[in-house]
Each structure stands twice: as structure tokens, then as C-alpha cells.
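Written out below as C-alpha cells is the structure these notes cover.
The values are calculated or read from the model by the stated rules, or taken from the named source; none is laboratory data. Computed from a predicted model, the values in this text were never measured in an experiment. Virtual Cβ from ideal backbone geometry, glycine too; neighbours counted across all protein chains shown.
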């Protein structure tokens, strides 16, 4: 599985006007911590209905990294309904990153069950 890559040109449509909860990992190919984070995010296999995970290459973006003050790699920003609700920077461990991301994920839909009489 490969994480979708988002660009400055599509950031507004895919993240800021979306009603979904979206985690954007700001990474760079030359950064070892970024490569580890991407592998970790792929291995976590977060449920895409609750949280969408995307990557943004720091070398290919100019606007989003400035607007959201991303100055270190890797950095993960979590947005819900276009609002920034979480930020983590630097190397991440799987035992803390997974629960942190899930704590920001949209609440699962509860289906109402009807008991038969």
C-alpha cells in the first residue's frame, strides 16, 4: 500500500474543504525519519472511513508548509472539517503514533439496531 501524495494545488480541495478527518504527513525522500514514518503509517493501516492519511513532499510544496508553520521533518498535521486539530513533529514510535491518530479519527457511525420481538 502506498500513501496518497497531496500537492499545494490540491491541498485546499482535498483537506481544507473536506468534511473528513485527514492526517497529512509532511515528509522528504532524503529524510530517514520521514521514510520510517511513511512505512509506519502504511503498516498501521488506519481505517479510511474514520481517517484518511496522505503525504506531502516538503521539497515539492511551498505554500502549505509555510501556512501551517511546518519547520521540521517529519511532521503530521490532523485536520477535521478543514480545521487543524492535531500536530506531531519528529520521529514517532508505533506504540504512540497509532493511538494518537485514532484519538483524532472521526467517531465511527453507530448503526441503530432493532430488536426483534
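Assorted remarks:
- Of residues in the stretch 1-19 being touching a helix residue (DSSP H, G or I) at 6+ places or on another chain (Cβ under 6 Å) and in a helix (DSSP H, G or I), the one nearest to residue 80 (Cα to Cα): 11
- Residues (closer than 14 Å to residue 38 by Cα, touching a helix residue (DSSP H, G or I) at 6+ places or on another chain (Cβ under 6 Å) and not in a loop (DSSP other than H, G, I, E, B)) located in the stretch 83-96: 94
- Annotation: residue 24 fulfils all but one of (1) assigned to a strand (DSSP E or B); (2) on the phi > 0 side of the Ramachandran plot; the unmet one is (2).
- Positions within the stretch 34-59 being on the phi < 0 side of the Ramachandran plot, surrounded by fewer than 13 Cβ atoms within 10 Å (Cβ to Cβ) and outside any helix (DSSP H, G or I), in sequence order: 47, 48, 49, 59
- Residue match in the stretch 63-82 (condition: in a loop (DSSP other than H, G, I, E, B), in contact with a helix residue (DSSP H, G or I) (Cβ under 7 Å, 6 or more places away or on another chain), modelled with pLDDT of 90 or more and within 18 Å of residue 3 (Cβ to Cβ)): yes
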